[in-house]
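Once you've had a glance at the structure underneath, I'll fire off some questions.
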Amino acid sequence: MQVQIPILLSFLAGMFFLVQFFMPHQAIQATYTEVLVWLRIIVAFAMILGIASLVQRHATKIRRRQRDWQYSIITLVSFFVVCILGIVRGKDPGSAFAWTFSYMLVPLDATMFSLLAFFIASAAYRTFRARTPEATVLLVAAVIVMLGRVPIGEMIHRSLPDLTEWIMSVPTVAGKRAILFGVALGGIATGLRIILGLERSHLGG
Amino acid sequence: MWERLVSIDRKWIFLAIGLAVALPFLFSWAISPGPIDPRARNLYDYLEQARPGDAIIIAVDYGPSSMPELHPMATALVRHALGKDLRVLLMTLNPQGSLLADDVLEAVGAELPEKRYGKDYVNLGYKPGGYLVVLGMGDSIPKTFGTDATGKPMADLPIMKGIRNFRDTHLVVSLAGSNVVFTWIIFGHEKFDQAVAAGVTAVLTADIYPYLDTGQLVGALNGLKGAADYEMLIDRPDRAALGMTSQTVAHVLIIFFILLGNVGYFATRGRRR
């Protein structure tokens, strides 16, 4: 029963959403709208679960003095301080919550992402080698696209932006489209397997 | 000597990149962004077709990490829309997007004091649920959000008059540095026939091209170049246009390092054999 009931619920829910897509009947659409509201509530609960999991994990790390446990203290203190600020003082522009977002989170998050530029440059210098014909094609295409996407490309040769556009619009789209079809077909197959109870990994077994 | 070409310490590379990006901003070295991307022009033209009073939704679906590319897009789009007397509804599927939306409205609102919050533009804030929110908006935007980001009920917002769902909006523009943009295409455009446009980071550019070809996106802004293009189209060059100089220098520098590494590699390859 512990397995059969979830499988039955998955089947009923999956069939309902499959059928409602094709049936504009008022009763079915009204039920669909109501279920969407339930789902949004469940997603909100999932957020609470995530927060509980985060707090528990870091609290365990502190209690057991695991590696880098000091950073867990910073994590939990930051989390609770910002939470309390937002709940007690609100999050309108000018509030303490908004201040911590604008002057702490934004610069920190932007800085973390900015590091990518440096590491990409270093990695490209060390590893981007024309060792094979395929690597050479990749290298040439990358150079053309990088130049064509900035103003200097047109200054070097007026056709460079057009060549960049061709690379992005033809071979790149062809490859992307093929991947999209593969992913979509795989998703349909997996969805059908879950609805029919053939796939049970989502049940933890 | 050739061995040195393949073993430059990365601290010099980091320094070069740092200077390449920082100096143009410090000295305001601006260059023309070059030819306008036709996809950016398509988005601009689509907005130009809107009539005063039409509503557009701008989904600020990004966080601080994508701000350099996407924040200028949001600012330029809001400037364009308010300049055409459109109603601008900002919302987000990203928890960090709500405060960024406030930032955009604060900046553009200061430039246009005749425009009023709640009457000409509004921030509906963040709602969890991703595609569920989009599906809910297709049915009823007031019911999905309930209040704006400040907690004001929808019924008290003059901007929401006559706006029930996607049918009452001219366009949705999703600004995203992640797969969220596909949520709008799949659930906004395909289910509700809503016109959708995208503003994405440069790494996502190739991913959205198939949707542009099929007409599922009416237009797109791709990376910092897209933001700079839109600023040129509305005749307000700003941070994106300035950033193009940094991007140009950085790209040329990276290509230089790649070529340097390859020259050194081929020069020393014989010796390694």
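Of everything in region A:82-136 that's touching a helix residue (DSSP H, G or I) at 6+ places or on another chain (Cβ under 6 Å), of a type in the set (F, W, Y) and under 27 Å from B:L15 (Cβ atoms), which residue is least open to solvent (accessible area, probe 1.4 Å)?
Ranking the candidates gives A:Y125 first.
Hey, among B:R10, B:R87, which residue is surrounded by fewer than 21 Cβ atoms within 10 Å (Cβ to Cβ) and of a type in the set (K, R)?
Numbers: B:R87 fails: surrounded by fewer than 21 Cβ atoms within 10 Å (Cβ to Cβ).
Exactly one of B:R10, B:R87 is surrounded by fewer than 21 Cβ atoms within 10 Å (Cβ to Cβ) and of a type in the set (K, R), namely B:R10.
Also, I was wondering about something else. Can you tell me which residues in region B:56-91 are among the basic types (K, R) and in contact with a strand residue (DSSP E or B) (Cβ under 7 Å, 6 or more places away or on another chain)?
Selection gives B:R87 alone.
Can you name the residue in region B:130-146 that is in contact (Cβ under 8 Å) with a residue 12 or more places away in the chain and not aliphatic (A, V, I, L, M) and is also nearest to B:N42 (Cα to Cα) among such residues? Even if it seems obvious, please write down each step before you answer.
Pass one, region B:130-146, residues in contact (Cβ under 8 Å) with a residue 12 or more places away in the chain: B:130-131, B:133-135, B:137-142, B:144-145.
Now drop any that are not not aliphatic (A, V, I, L, M), which leaves B:130-131, B:138-140, B:142, B:144-145.
Details: B:G130: 27, B:Y131: 26, B:G138: 24, B:D139: 28, B:S140: 28, B:P142: 30, B:T144: 30, B:F145: 30 Å.
By that ranking, first place goes to B:G138.
Residue by residue, here is whether (1) open to solvent by less than 90 Å² (accessible area, probe 1.4 Å); (2) small (G, A, S); (3) within 14 Å of another protein chain (Cβ to nearest Cβ); (4) part of a helix (DSSP H, G or I) holds:
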position	(1), (2), (3), (4)
A:Y32	yes, no, yes, yes
A:A44	yes, yes, yes, yes
A:L49	no, no, yes, yes
A:H58	yes, no, no, yes
A:I62	yes, no, no, yes
A:R65	no, no, no, no
A:Q70	no, no, no, yes
A:T75	yes, no, no, yes
A:F80	no, no, no, yes
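Residues checked against (1) surrounded by fewer than 24 Cβ atoms within 10 Å (Cβ to Cβ); (2) among the basic types (K, R); (3) modelled with pLDDT of 90 or more:
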{"position": "B:K152", "(1), (2), (3)": "yes, yes, yes"}
{"position": "B:R164", "(1), (2), (3)": "yes, yes, yes"}
{"position": "B:S178", "(1), (2), (3)": "yes, no, yes"}
{"position": "B:W184", "(1), (2), (3)": "no, no, yes"}
{"position": "B:Q194", "(1), (2), (3)": "yes, no, yes"}
{"position": "B:Q216", "(1), (2), (3)": "yes, no, yes"}
{"position": "B:L221", "(1), (2), (3)": "no, no, yes"}
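Looking only at residues that are more than 7 Å from chain B (Cβ to nearest Cβ) and of a type in the set (G, A, S) in region A:109-132, which one is nearest to B:P68 (Cα to Cα)?
A:S114
Go over the candidates B:G53, B:G34, B:G118 one by one and state the one that is touching a strand residue (DSSP E or B) at 6+ places or on another chain (Cβ under 8 Å) and open to solvent by less than 60 Å² (accessible area, probe 1.4 Å). Talk me through it step by step, then tell me what you get.
Details: B:G34 fails: touching a strand residue (DSSP E or B) at 6+ places or on another chain (Cβ under 8 Å); B:G118 fails: touching a strand residue (DSSP E or B) at 6+ places or on another chain (Cβ under 8 Å).
Unique residue meeting the criteria: B:G53.
The values are calculated or read from the model by the stated rules, or taken from the named source; none is laboratory data. If you're wondering where the values come from, they're calculated on a predicted model, not measured in any experiment. Glycine gets a Cβ as well: all are built from the backbone with ideal geometry, and neighbour counts include every protein chain shown. Note: accessible area is taken over every heavy atom of the protein model, side chains too, but ligands, DNA and RNA are not part of it. Shrake-Rupley method; radii C 1.70, N 1.55, O 1.52, S 1.80 Å.
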